[in-house]
1. How long are the three semi-axes of the equivalent ellipsoid for segment 114-233, computed from the Cα gyration tensor as the root of 5 times each eigenvalue, in whole Å, largest first?
2. Can you tell me how segment 109-177 classifies by the Cα gyration tensor, rounded, prolate or oblate, using a/c under 1.5 as the rounded cut?
3. Shape verdict for segment 42-89, please, from the Cα gyration tensor: rounded (a/c under 1.5), prolate (a/b greater than b/c) or oblate.
4. Given the options 175, 131, 207, state which has the largest fluctuation in a GNM of the chain using a 10 Å cut-off (strictly under) for Cα springs.
5. On a 0 to 90° scale, report how tilted helix 115-127 is relative to the longest principal axis of the chain, with both axes built from alpha carbons and the result rounded to the nearest 10.
6. What share of the DSSP beta bridges in segment 1-112 is antiparallel, in percent to the nearest 5?
7. Per DSSP H run of n ≥ 4, the term is -39500 (n - 2.57); total these for the chain, divide by its residue number, and report the mean residue ellipticity at 222 nm rounded to 500 deg cm²/dmol.
8. Work out Dmax and Rg for the chain from the C-alpha atoms and quote the Rg first, both in angstrom.
Ligand code: SF4
């Protein structure tokens, strides 16, 4: 049975692995869930075992995300970045593939987040033998987010990464927290969530395949330059960001406009 420490239920095997001195990586996106997870983990895991890791998505993520991650990281927790090795942006890859990611072919997460993060964690473990190849890989996934996420197991051995002398577990420390809990943890720690929560309920790519039309409209208003690039990419590749198959201008009701005073189309954020 799990026992609860400071709002986080810690499975027995997790306790044992933490006591054995495993590295505890915090995948941090800049969103509220990973921010709350970082706060809670920094209370129960020695800082010498903690590592924050962020996969930067460049200009397709909301401006200020990297700065937010840096500003809200507890003192003396190292932060490393996991960029895509090719240096290509998500939109570059859409052009190359001739299609946007889909709900079933979610290559954006695999290529631009999970893959680079796992690569950097392997490197970090190799460069820091004091962890003995033991890793607890923490993800800010919550049961309440979706039916698919509710089916996730909050603690499990990561078989794919547990090779070549490594023993890796995936842990979802904030799995049982509600949205209110998450904001409370952030507020009680004296922090603020990412600025985008003043406009939207999710901090994802500015234009995400999962964004409902209302969120896409808000994003188009906040980032007209990036909106135009997405709309032009849709036209060029003949495929839409939205899995509904409806192009962005139809979904948002906003025509992408090239501004004569700034060919790149200035963002409002
Ligand atoms: S935020 Fe959305 S579009 Fe961006 S990587 Fe994640 S699923 Fe893909």
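1. 32, 20, 15
2. Taking the square roots of the gyration eigenvalues as a ≥ b ≥ c, segment 109-177 is prolate.
3. Oblate, since a/c reaches 1.5 and b/c is not below a/b.
4. Most flexible of the set in this elastic network: 131.
5. Roughly 30 degrees, rounded to the nearest 10.
6. Antiparallel: roughly 30 percent of the beta bridges in segment 1-112.
7. Calculated mean residue ellipticity at 222 nm is -9500 deg cm²/dmol.
8. Looking at the chain, its Cα Rg and Dmax stand at 19.5, 63 Å.
Where a number appears in this text, it was derived from the coordinates with a stated rule and is not lab data. What you see is a predicted model, and the numbers here were worked out from it, not measured in a lab. A quick note on method: Cβ atoms are made from the backbone with ideal geometry, for glycine too, and the neighbour counts reach across all protein chains shown.
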